[in-house]
Every structure is written in structure tokens, then in C-alpha cells.
1. Mark the label point 7 Å from the Cα of residue 121 along Cα→Cβ and return the residues of segment 185-208 whose backbone N is within less than 16 Å of it.
2. Return the calculated 222 nm mean residue ellipticity for the chain, to the nearest 500 deg cm²/dmol, obtained by summing -39500 (n - 2.57) across DSSP H runs with n ≥ 4 and dividing by the residue count.
3. How much of the DSSP bridge set in the chain is antiparallel, in percent, rounded to the nearest 5?
4. How big is the shadow of the Cα convex hull of segment 39-125, averaged over all directions, in nm²?
5. So if I restrict to the alpha-carbon atoms in segment 99-159, what is the Rg, and what is Dmax, the biggest pairwise distance, in Å?
6. Ranked highest first by average number of other Cβ atoms within 10 Å, how do 36-43, 78-85, 109-116 line up?
7. I'm a student and want to see the number: the projected area of the Cα convex hull of segment 87-200, averaged over all directions, in nm².
8. What distance in nm separates the simple spin-label points at residue 213 and residue 106, each placed 7 Å from Cα in the Cβ direction?
Ligand SMILES: N[C@@H](CCC(=O)N[C@@H](CS)C(=O)NCC(=O)O)C(=O)O
């Protein structure tokens, strides 16, 4: 039997969760090495030139970037699709995934989560107040205005099943929540309804539960929590 693939990065990262979603939807056995990119040794650059997670390792084969990893898994495994087949919808799906990774990521992960959670609690320094204000008051409300106009009132972006674009965008909202930013359901009812449907869908629901647990787990205990989660997945398969 071949060795399971390894994902480097913590499931608290929305980008790492994307890779885990793809692996779980495709039924690929995997391990997690929950390294925090800011605390990795200098040699980390050899497998992650931008010093980012997730990193996908399959023996000597290395992939970087969550979208690259997800598309590779889609191309190499049959079963439940992560992207729509029809070229126009597939192009739209790529756009939403890019919007999540780049724009939502810059504002949620870097603008809020990094400034309000990682800097004070992991790096023991103050976050950038102006960056937080801008994300909370300007860029994220504008992003939610955009999403309110393009997300479906029922179901998911491409039908009655969530695909990678739904997962990539909605999972950013979990890190926004960790940083104290909640989607106001009175102002953005369509986003809030779609977000709730995505959060209840597997494998996102169980990955969010894992991430929630890790948020309150000491760093030394994280590997054990993740290994227990993966062992349970293995026995459920
Ligand atoms: N476009 C990349 C973004 C990955 C990313 O920014 N990951 C964050 C963790 S949430 C990271 O590693 N940050 C470290 C850094 O930028 O120095 C992807 O989709 O994988």
C-alpha cells in the first residue's frame, strides 16, 4: 500500500482546510503536519518558496497553493466532482475560488485573523489597528455587498450540492468569526443563508469542528487532536 500524502499546515487555516476538503471528497488518505508558517525553520523555503501553507507532499512530489492542490486532486481522481464540468460554470467556479483565496483571504486572513489572533496570541505583538478597521468597515462590507448579489437564495453556486467554490468562499467566514467579524443576516440575508447551508455540509462541518477544537488546543497537543480526527475518518471510510 502506498504511503498517505502529507499536508503541511494547520486546519485552522482556510487554505489548509480547502486541501483537506478535496482529499476527503476524493477519499484520499492523508496525514497533517500542523506547522505554523511564521514559526517554520529556514529550510521550509525549500518546499514552500513563499513560506506558505498548505504544502502537499506525495513522496518527492511537492505542490504549493490550495487551488493547485485541489485542481490536481480533481484531475487525478474520479468520484464526486469539485468543479462543474460545463466550461462556463467551471470558469465561474475558478473566479469564485480566486476571489476567496485572494480578496477574501487578504482581508479576512491577513486583515483580521492575522492582526487580531495570530499577532497577539502567537507572535505576542500588537495587530495593525488601521488594517483591522479598514477590513471591518470598508473592504469586507463591500465584499459582502458583492456576494449578496451573486450568491443563490437556495442551494449552492452550481446546484444542490456545494462545490469547491462554495467551500473556498464560505470557509473564510469561519476565520472572520474567529476574529470577531460576523455576517449580519439582516443586512446580507442571502450570504448568511448560503453560509449556513455550506457550514452544515460535509466535509466542511466536521473540518470546522476540528478547527474550532484546535483554536483552544495548546500547540503541543495539536498533532494528537488531528491524528485522532484522521483515525476516526479512517475507520468511518
Ligand atoms: N494562495 C495560497 C495562500 C496560502 C496562504 O496565504 N496561507 C497562509 C496561512 S492561512 C500562510 O501560509 N501565510 C504565511 C505567510 O504568508 O507568510 C493558497 O491558496 O494556498
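Taken together, the values in this text are just the output of simple stated rules run on the coordinates, not laboratory data. This is a predicted model, so every value here is computed, not measured. Every residue, glycine as well, gets a Cβ built from its backbone with ideal geometry; the counts of neighbours run over all protein chains shown.
1. Only 208 pass the distance filter.
2. Using -39500 (n - 2.57) per qualifying helix, the result is -14000 deg cm²/dmol.
3. Around 65 percent of the beta bridges assigned by DSSP in the chain are antiparallel ones.
4. 7.5 nm²
5. Cα-based Rg and Dmax for segment 99-159 come out at 14.1, 44 Å.
6. 109-116, 78-85, 36-43
7. Seen from a random direction, the Cα hull of segment 87-200 projects 7.0 nm² on average.
8. According to this spin-label approximation, the distance is 3.6 nm.
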